[in-house]
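Scroll down for the structure; my scribbles are underneath it.
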Amino acid sequence: MEYQNASEMNGGVDRNLNACKLNSLCREKKDFKDTVDAKKLSHIEKAYTAILSELGEDVDREGLLRTPLRAAKAMQFLTKGYKETTQDVLNDAIFDENHEEIVIVKDIELFSLCEHHLVPFFGKAHIAYLPNKKVVGLSKLARIVEIYSRRLQVQERLTKQIASAISEALEPAGVAVVVEAVHMCMVMRGVQKINASTVTSVMLGRFHDDPTARKEFLSLTMRK
Ligand SMILES: [Zn+2]
């Protein structure tokens, strides 16, 4: 199965930032981006004030004074995946390796927002791929899950996007992704029990074509 150290996790990012600091053009770009982000934050903050007041809340009461700003920041954080691409994350992290055995990463925690209700769904992703010369640090697989889950999502699309991203980046002989998640929009309305999770899966390449490979992945990941 797999190895790879997690220490490289932030190395690439730091290097890019240092190179960026030396470059004044880069700094101007960053200043511009900060202004745009601050403007957006204040627009979202105002919108949350309107929502609270339409809900009948007194937006001036002490407990709510900073709530619109906090909520705006939280929403920006929970959707920050829109600003990231798998290329950014995988740059410098793909290695040539003569490794053809199945690589499995189980129980990658994920937190996302359902795009229908803007309410959280959360759970775990299990990922496997069959390398075709290229391998990637295991921590990067978790980052791919993060990039796509920090967006407004439906679970089926999230599962597909994770699988496609790995497939495009590594061109492996096969990719399998299973996502198990609890949807608060269903639990809180009583449509789903709190411990009942929704399971979605995408099987590409060998995991799609070969029932034995698929079974091996499922038996290794779905075991409780
Ligand atoms: Zn929902």
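So what's the back-of-envelope 222 nm ellipticity for the chain, counting only DSSP H runs of four-plus at -39500 (n - 2.57) apiece and dividing by all residues, rounded to 500?
Using -39500 (n - 2.57) per qualifying helix, the result is -14500 deg cm²/dmol.
State which entries of Lys40/Lys133; Lys73/Lys124; Lys33/Lys160; Lys80/Lys106; Lys140/Lys215 exceed 32 angstrom in Cα-Cα distance in the structure shown.
Cα-Cα > 32 Å for Lys40/Lys133; rest within.
At 1.4 Å probe size, with every protein chain present, just tell me what the per residue accessible area of the chain comes to in Å².
61
Please work out how much length the chain gains when fully extended from Ile194 to Phe111, using 0.36 nm per residue of separation minus the C-alpha to C-alpha distance, in nm with one decimal.
Between Ile194 and Phe111, full extension yields an extra 28.3 nm.
Could you state the angle between the C-alpha long axis of helix 67-78 and the longest principal axis of the C-alpha atoms of the chain, as a value from 0 to 90 degrees rounded to the nearest 10?
That helix lies at roughly 20 degrees to the long axis.
Go ahead and set up a Gaussian network model of the chain, Cα springs under 10 Å, then flag whichever of Gln76, Gln161, Gln192 fluctuates most.
Gln192
For the chain, what's the relative contact order in percent, using C-alpha pairs closer than 8 Å and at least 6 residues apart?
18
As a test question: what accessible area, to the nearest 10 Å², does Phe77 have when a 1.4 Å probe is rolled over all protein chains in place?
Accessible surface of Phe77 is approximately 100 Å².
In a Gaussian network model over the chain where Cα atoms closer than 10 Å are linked, find which of Ile51, Ile108, Ile144 has the largest mean-square fluctuation.
In this elastic network of the chain, the residue with the biggest mean-square fluctuation among Ile51, Ile108, Ile144 is Ile51.
Positive end of the charge dipole of the chain (Lys, Arg +1 and Asp, Glu -1 on Cβ, about the Cα centre): tell me which of Thr86, Val135, Ala47 has its Cα farthest that way.
Final value for the positive-end residue is Ala47.
Go through segment 37-115 and name the GluC sites (Glu not before Pro) that are in a DSSP coil and have 14 or fewer other Cβ atoms within 10 Å of their Cβ.
Of the GluC sites (Glu not before Pro), the ones in loops of segment 37-115 whose Cβ has at most 14 other Cβ atoms within 10 Å are Glu57, Glu97, Glu100, Glu101, Glu115.
Determine the principal axes of the Cα atoms in the chain, then give the extent along each, sorted from largest to smallest and rounded to whole angstroms.
61, 55, 24
Which residue, Gly81, Gly56, Gly190, tops the fluctuation ranking in a GNM of the chain built on C-alpha contacts under 10 Å?
The residue that fluctuates most here is Gly56.
Just the number, please: carbon plus sulfur as a percent of the accessible area of the chain, 1.4 Å probe, no ligands or DNA/RNA counted.
55
What chymotrypsin sites (Phe, Trp or Tyr not before Pro) does segment 98-194 have in DSSP loop regions with at most 15 other beta carbons within 10 Å?
Loop-located and lightly packed - none at all.
Would you mind checking the tilt of helix 211-221 against the longest principal axis of the Cα atoms of the chain, expressed as 0 to 90 degrees and rounded to 10?
With rounding to tens, the tilt is 50 degrees.
The values are calculated or read from the model by the stated rules, or taken from the named source; none is laboratory data. All figures in this text were calculated on a predicted structure; none of them were measured in a lab. All Cβ positions, even for glycine, are placed from backbone atoms using ideal geometry, and neighbour counts span all protein chains on display. These accessible areas exclude ligands, DNA and RNA; they are computed on the full protein's heavy atoms, side chains included. Shrake-Rupley method; radii C 1.70, N 1.55, O 1.52, S 1.80 Å.
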